[in-house]
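The values are calculated or read from the model by the stated rules, or taken from the named source; none is laboratory data. Just so it is clear, the structure is predicted and the values come from calculations on it, not from any experiment. Backbone-built Cβ (ideal geometry, glycine too); neighbour counts: all protein chains shown. Only protein heavy atoms, including side chains, enter the accessible area calculation; ligands, DNA and RNA are left aside. Shrake-Rupley method; radii C 1.70, N 1.55, O 1.52, S 1.80 Å.
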Amino acid sequence: MLPADCSRRLVAELQGALDACAQRQLQLEQSLRVCRRLLQAWEPTGTWALKPPPGPETNEEDPLPACTPSPQDLKELEFLTQALEKAVRVRRGITKAGERDKAPSLKSRSIVTSPGTTASAPPQSRGQAGQAGGHASDTRPTKGLRQTAVPAKGHAERRLLSVGDRTRVGMGARAPRPGAGLRDQQMAPSAAPQAPEAFTLKEKGHLLRLPAAFRKAASQNSSLWAQLGSTQTSDSMDATAAKTQFLQNMQTASGVPQPRLSAAEVEAEAGRLRKACSLLRLRMREELSAAPMDWMQEYRCLLTLEGLQAMVGQCLHRLQELRAAVVVQPPRPCPVEGPPRASPSCRGGAEPAWSPQLLVYSSTQELQTLAALQLRVAMLDQQIHLEKVLMAELLPLVSTAQPQGPPWLALCRAAHSLLCEGGARVLTILRDEPAV
Amino acid sequence: MGRRRQRVDPAAGARAGALPEAIAALSRSLPSGPSPEIFRRAKFDRPEATSALWQLLFRVLSPLPVGNALASLALEAQAHLVKSALCSQGYPRLALAQLPEDGSQGSRELLLALSWLLARGPVPEQMLAQARVPLGDEMTVCQCEALASPGPPAPHMEAEGPVDVRRVQWLMGKLQFRWRQLVSSQQEQCALLSKIHLYTRGCHSDQSLGHLSVTEAEMLRDPEGGQQLLQTLERENQRLEAVLAWRHTELVFWRWMDTVLGTCAPEVPAAASQPTFLPWVPERGGGELELVVRELQALEEELREAVERRRAAWEAKAGGCGRGPEWSAARRASREAVEKELGALQQCWKQDSGPARPHGPHRLVRREDGAAGERDLRAAEVIRTLRSQEACLEAVLRRLQGQCRQELARLVGALPGLIWIPPPGR
């Protein structure tokens, strides 16, 4: 058995690592649920199909209830659908011949301009019908129109008109055909609740459009963040001077001319020195493994090593100073328990980039490799830390244990496995009895 | 009130409303910021302003976003944690630590503490960034907030008492398993993410992005959630505008704070001569120092041996060389070159901010050609960096494991009658 305090520290350390992993796993699983749901067929729930697009014309804050429309609405819609049916008949007569060939692509592209998911349900019914041939497509819309249950609330008209405009914008060469836009748009109110085909991201994903209000808010958001970034770098000199002056005044008013070394600073410095150690070690490796060609290079190598030695000495000196500064002072009325963990450097970083930058990848493999490497580096980091902790705890135990019987052998075996094999493999100890 | 203020800050070119404007912007830019009235009352040390300021300080200093658990802490607990955190950041004034934690007095002191924090760093921006609505699929490249860095001991601890070393082995194995699980979940998520990006290409209004993110697609799938997202985004926009307004008007606030500080009596330090000290020793901080000391000492030892060897070899070889002028010139040149190199090396850790490595989360964007702008990262480059990091860390781990092997061999090798059979190699 390990001594109590050692046990406590080891278990606490490992448990902390386990908890961090579990937390991350939870987040991943949440995200996985969302992604899987997105990739399955989207359920045409009442709300999303029937919600009018929150454009600049509307000020709706809450989604429409997906329920029975008022009689007035139904009447309005009836008028509307009659008008549209007529348009269909006119259209059909004019463009039937030309349309059939280009039907699928035209219809799917014209739907593209409708905002939100209201567009996503209708296209497939139209598009697939279109593919099947001209006739089926014509019977569909009329049937759908009669069965509509959309509470248009007078938005439908405006929507049609605005879609007409947007059709022009979105369709390039095919643009000046408001009729086509209209005809296709008429599907929107009708087919939504009746669409038997579900919407899948795979087939229709490229037809989606973000709602206008969101687009506006998002672009405003990114421009505001960008402005914030630029004001940061060109901070007014006066303000900075005023702040520095204020801090100095605070310091002198407190009676202590020099600021004390704070715990956060000690931690930061310790981190810097740890980085120094690894950089110095790396450099030493490079020097030692390089084969000098001539005496000049050998001399330089020697000088470098001596320089490195001096720097290590300086670092150690600084560490001794820090150590000396870390002293518990009884009269200071400060709480004993530590604060929550100091904020990581990312948050209060020297040059935080306020506007998000992009990370561009080109294939699934690349993304997976990237993510796997990231996890691997994090895991190695953790393993190294645990290794140091285990070394600090277990090696002294092995060396100081006096009765060197079987329990000690078991400890040695476990220590070896944990320290040298990462806990993955265990060695065997054979007792070599002298021959009788 | 307004007239007095104008006399005090004539140079600010202030209209009568400059200070209230600044304070109003400040309070709008902080999360659940107190009303400007609170600030005014705090200047006069009115007790009713105290609890709001304690709560604000708590939100500012809390390193994690204040969730429900933290927000429901009693005022005393929040005040307590605020004191700890300020202490650990080196807050100079003693009066704060002596304040009662029930919120009955001390609002002026708290106002000073808040201003101290505001002067030291871009607090409103940091808080906004922390609570930011991620519209894209984010991936953090740097290791600052790495999952790997073990936090303080978990609050829920198992029964403390001696444990068998086999439990430690078991915990280690469990940890390895969890990592493997993480990796496979992560791989699946990447595949799904990539699909979603692929299927929604051509949708986004922003051409540089090109496709929707999961958040955006989810918003389309679920308009109610989308409404909430929109509202949160709009609120964030409002706060951003407030922060920008604050940055434009903050000068007059600092002049005002100087007057507030002037109304306080200067403090007398506790002892006549105070060496630098920390009020408490964080268990982790102390441990960290020790680990670094040990590492550096080990490195020092290695270097000492290497230098001795090389110096001896050099003396033997170059002892016979002439001491001509070209020889000493060459030596001087070498010395200078080495000094410059090592100086550059030292800069690598002396500087506070890391090298050009970008920090923080990045938005994932899929592009067939992998083209990226100047400030953007390319996955291929990041992969290269990570691979080299991986190699470095693996080397470190192997070295540590080798050290342990040697040490253990030394400790147990002396025993007769035992044969140690190492496990079969990889």
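Looking at A:Ala264, A:Ala276, just one residue is modelled with pLDDT under 85, open to solvent by less than 60 Å² (accessible area, probe 1.4 Å) and either closer than 30 Å to B:Val292 by Cβ or touching a Gly at 6+ places or on another chain (Cβ under 9 Å) (or both), and that residue is A:Ala264.
Screening B:Leu61 against (1) open to solvent by 40 Å² or more (accessible area, probe 1.4 Å); (2) in the same structural domain as B:Pro20 (by the TED database); (3) within 25 Å of B:Leu240 (Cβ to Cβ) leaves a single unmet condition, (1). Quick one: is A:Ser399 within 7 Å of chain B (Cβ to nearest Cβ), surrounded by 19 or more Cβ atoms within 10 Å (Cβ to Cβ) and assigned to a helix (DSSP H, G or I)? Judged against the criteria, A:Ser399 is not a match.
Is it fair to say B:Ser205 is surrounded by fewer than 21 Cβ atoms within 10 Å (Cβ to Cβ) and touching a Lys or Arg at 6+ places or on another chain (Cβ under 7 Å)? Yes, satisfied. Residues of segment B:134-152 that are touching a helix residue (DSSP H, G or I) at 6+ places or on another chain (Cβ under 8 Å) and at pLDDT 80 or above: B:Pro134, B:Leu135, B:Gly136, B:Asp137, B:Met139. In the set (1) part of a helix (DSSP H, G or I); (2) among the hydrophobic types (A, V, I, L, M, F, W, C); (3) at pLDDT below 90; (4) open to solvent by less than 20 Å² (accessible area, probe 1.4 Å), A:Ala217 fails one condition alone, (3). Considering (1) more than 7 Å from chain A (Cβ to nearest Cβ); (2) crowded, with 18+ Cβ neighbours inside 10 Å, the lone condition that B:Ala245 does not fulfil carries the number (2). Going by the structure shown, is B:Ser213 open to solvent by 20 Å² or more (accessible area, probe 1.4 Å) and more than 7 Å from every other protein chain (Cβ to nearest Cβ)? Against the criterion (open to solvent by 20 Å² or more (accessible area, probe 1.4 Å) and more than 7 Å from every other protein chain (Cβ to nearest Cβ)), B:Ser213 does not qualify. One residue is enough: does segment A:66-88 have a residue meeting the conditions farther than 30 Å from B:Arg178 by Cα, facing chain B (nearest Cβ under 7 Å) and modelled with pLDDT under 70? No, that holds for no residue. None of A:Gly205, A:Gly229 is part of a helix (DSSP H, G or I), open to solvent by less than 40 Å² (accessible area, probe 1.4 Å), at pLDDT below 85 and within 30 Å of B:Leu192 (Cα to Cα) except A:Gly205.
Note on segment B:227-242: residues that are more than 7 Å from chain A (Cβ to nearest Cβ) and open to solvent by 40 Å² or more (accessible area, probe 1.4 Å) amount to 6. Listed conditions (1) at pLDDT 80 or above; (2) within 30 Å of A:Ala424 (Cβ to Cβ); (3) more than 7 Å from every other protein chain (Cβ to nearest Cβ); (4) open to solvent by 60 Å² or more (accessible area, probe 1.4 Å) are all met by B:Gly402, apart from (4). So in segment B:107-122, with the set limited to residues that are assigned to a helix (DSSP H, G or I) and either modelled with pLDDT under 85 or within 9 Å of chain A (Cβ to nearest Cβ) (or both), which one is farthest from the chain's Cα centre (by Cα)? Ranking the qualifying residues of segment B:107-122, first place goes to B:Leu112. Condition check for B:Ser35 on (1) open to solvent by less than 10 Å² (accessible area, probe 1.4 Å); (2) at pLDDT below 90; (3) away from chain A (no Cβ under 12 Å): one failure, at (1).
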